Structure formats: structure tokens, C-alpha cells
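The values are calculated or read from the model by the stated rules, or taken from the named source; none is laboratory data. Here the structure is a predicted model, which is why all the values come from computation and not from measurement. Using ideal geometry, Cβ is built from the backbone for each residue, glycine included, and neighbour counts are taken over all protein chains shown. Calculation scope for accessible area: heavy atoms of the full protein, side chains included, ligands and nucleic acids excluded. Shrake-Rupley method; radii C 1.70, N 1.55, O 1.52, S 1.80 Å.
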Amino acid sequence: MAAALTDPEYGYYMGRDPLGASGDFITAPEVSQMFGELIGLWCAEGWQAVGAPPQVALVELGPGRGTLMADARRAARQVPAFAAALRVHLVEVSPTLRARQEAALADAEPTWHETLAGVPELPLLLIANEFFDALPVRQLVKQPGGWAERLVGLAAGGAPALAFTLSPPDPGLGALVPDALRAAPPGRLFEVSPAGQEIVRAIARRLRSHGGAALIIDYGHEESALGETLQAVRRHARHDVLSEPGTADLTCHVDFAALARAAREEGAAAHGPVAQGAFLERLGIAARAARLMERATPPQREDIRSARLRLTAPDQMGGLFKVLALTPEGAGPPAGFH
Ligand code: SAH
């Protein structure tokens, strides 16, 4: 999965911009400016909550076209001292998307990093929208003899093609499955993202030592659960996960409970997850939409209305997407979580 997405030569993200109507999928910041603006104000509040430090790292993991960050910074100007304190740091592997981000954020003078490790040690406000779903998972399959791992190999005979295969059962794999699911019947599958948990641990350690808050937004489940969610998407339609690797987006649902556990193990507090719709309503999307409509033409008003619905309706992104916040232990729930 990591190779298919981020191989320097053939990785899906490396040589293309997959976003938008003409691409493969659309994300919330591309639906409406309201999304990034409300998150920018959430960050301003988070900055005040940590005592308004003179410098704060505003970090985005996987910023795509840079749209969310551009909208967030524009909204942040409403709190000029915050706008002056923030330093934009972008964690991005794709040279193609880095170029898009550079164009969208030229006046922000962002700094790019391969991983969070390169970001300076400062109080931290971190955003990750549709980032964790792109991190590789391991798929564990229960066998009569214990947990085995689903692997990718070459299909036997015929033209070269990829095929799934199974490792022998290995007692070490069971340790990756939460206690409550370990007794699953043979045939059931569990997905775990060690890469996602490792990144959350790194965020949690920074929050503990420097203060701040992180916001993880993605589709996924609140509780760790059995079942396969790995899927490939190309031009807004499902695609076979093993055919033409590197030409389709590969994603998995995010296991928010596993991320929250990883954060707590490192001494951070996890808040939520809450549904994206409820989160945006609490941050004031209704007022923001009304404000935008005041200056809009009738067709623009219709766009604003439908974008708000798409972002918040329980049967659309509003229910499918969830928001998890991380703070240092002992900090109260941030805006949108109470
Ligand atoms: N957050 C954006 C884009 C989501 S697509 C939005 O909401 O529109 C996923 C983003 O994560 C892309 O920018 C992709 O290049 C980046 N990405 C994927 N895997 C990554 C990795 N392992 N390290 C850093 N960035 C990664």
C-alpha cells in the first residue's frame, strides 16, 4: 500500500494531483472554503488556550492542494496576534502536490517536511484531513491455528498479476489485535495501521512537551472492529485494489479507537471522535454560510447551501467523517467537542 501510494517513481500521489471533479476524489476543503475557515478559527482558539505563545507551529499533514491551509490562514487574520505567531509547516511526500501547495500558499512562506520529525519543536497546532486513511495497513486474518497476515504476491501461471496470499499463523500477530477482538472466528479479518499509530504517538509526545492541539478528520469507525475496508478509487469509482497499482487511490477506514489508545499511551488526551457535521455546526458553519450568502448571487447562494449540506448532513460527509482531537493530558475539550 505504501509503495502503491508513495513510491518515488510509480506512487499514486507522487506524479499527479488526484483531487477535484476531473481527478479521482473530492475532499471537504475542496467542497467549500467554509471548512478551512472554521478550522483556522479553531486553531486561533487553540492558540489562545495554550497561552498565546509568540511562536506556534501550524502543521498540516498531507495538505493536498493547500486549500484548507489557505482558507485557515485567511480566517486566522481575524486574530492578528495569532496570524503573526503562526509558522506554517507542511508534511508532504508528493513533489507534484508540494508545487500546488507552494502556489496556493506563497505568502505563508511554508516549510516542507517528509515527516513530522523535521518540524521545529514549538507549541503545535496540527491538522490532518484525509491523511490517515492513506497510511498503509496490515491485514490480519484469523485461521484455525491463530492470526495470519494477508500478503501480496504474484498470481500463479498466466500473465504476471498480483494476488493475495496468507502467511502461516504467527502468535506475534495476535498481539496487534485488541483484546476484545482476538477471539474472532476463523475467516475474519482485522486491519491495523502501525504507521498511523506511530504518527499519533509522535504528535502526542510533542503535545505533552510543548502544548497545543491536533485535529484528525477522516472517515472511519469509532470502535476497533473486524472487517475489510481497504479500497481503491479511480475517477470517482471503485477500482480493483491489485490491478494497475499506482494508478488508483488506496485507502482504509481509520480506526479512531486505535489512534486514541496510541495517543493516551503517550500521555495525551483524546477527545471524540464526533461526527464532522456536529463539529462544524458547533464551530458556527450556519453563521458563516449566512454571512457568505449576504454578498452572493442567487446561484452562488445555492452553491453555499449545497456545500454546507454536503459537509454536514448525516447521510453525507457530515456523518461519514469523524473528528478526533488530541491535547495534552488534563486540558479541557477543545471547541467543537463539548
Ligand atoms: N488534506 C488534503 C489532501 C488529502 S489526500 C485534502 O483534504 O484535500 C492525501 C494527502 O496526503 C496528499 O497530499 C498526499 O500526497 C499526502 N500523503 C499521502 N501519504 C503520505 C505520507 N506517507 N506522508 C506524507 N504525505 C502523504
### Task
Confirm whether GLY220 is at pLDDT 95 or above and in contact with a Cys (Cβ under 9 Å, 6 or more places away or on another chain).
yes
### Message
I need the full set of residues from region 8-44 which are aromatic (Phe, Trp, Tyr) and at pLDDT below 95, in order please.
### Response
PHE25
### Query
Hey, any hits in region 138-151 for a residue that's within 16 Å of the ligand (Cβ to nearest atom) and either open to solvent by 70 Å² or more (accessible area, probe 1.4 Å) or closer than 21 Å to ALA2 by Cβ (or both)?
yes
### All positions within region 50-74 that are away from the ligand (no atom under 16 Å from the Cβ) and open to solvent by 10 Å² or more (accessible area, probe 1.4 Å)
VAL50, GLY51, ALA52, PRO53, PRO54, GLN55, ARG74
### Query
Considering region 218-252 alone, what residues qualify as being over 18 Å from ALA180 (Cβ atoms), in a loop (DSSP other than H, G, I, E, B) and not hydroxyl-bearing (Ser, Thr, Tyr)?
GLU228, LEU230, ARG235, HIS236, ASP240, VAL241, LEU242, GLU244, PRO245, GLY246, ALA248, CYS252
### Summary
Per the filter on region 32-49, residues touching a residue at least 60 places away in the same chain (Cβ under 8 Å) and open to solvent by less than 20 Å² (accessible area, probe 1.4 Å) are SER32, MET34, PHE35, GLU37, LEU38, ILE39, TRP42, CYS43, GLY46, TRP47
### Summary
Subset of region 227-259, residues in contact with a Lys or Arg (Cβ under 9 Å, 6 or more places away or on another chain), closer than 20 Å to PRO160 by Cβ, buried (at least 16 other Cβ atoms within 10 Å of the Cβ) and touching a residue at least 24 places away in the same chain (Cβ under 8 Å), comes to ALA248
### Query
For region 1-54, list the helices (runs of 4 or more DSSP H) that sit wholly inside it and hold at least 2 residues that are over 17 Å from ASP303 (Cβ atoms) and hydrophobic (A, V, I, L, M, F, W, C); which are they?
2-6, 33-49
### Query
Applying the selection to region 142-194, what residues are assigned to a loop (DSSP other than H, G, I, E, B) and among the basic types (Lys, Arg)?
ARG182, ARG188
### Query
Counting only residues that are of a type in the set (A, V, I, L, M) and in contact with a His (Cβ under 9 Å, 6 or more places away or on another chain), which one in region 1-49 is nearest to the ligand (Cβ to nearest atom)?
ILE26
### Message
From the list ALA106, ALA117, exactly one residue is at pLDDT below 95 and open to solvent by 60 Å² or more (accessible area, probe 1.4 Å). Which is it?
### Response
ALA106
### Task
Taking ARG206 as meeting all but one of (1) buried (at least 19 other Cβ atoms within 10 Å of the Cβ); (2) more than 30 Å from GLN55 (Cβ to Cβ), write down the number of the exception.
(2)
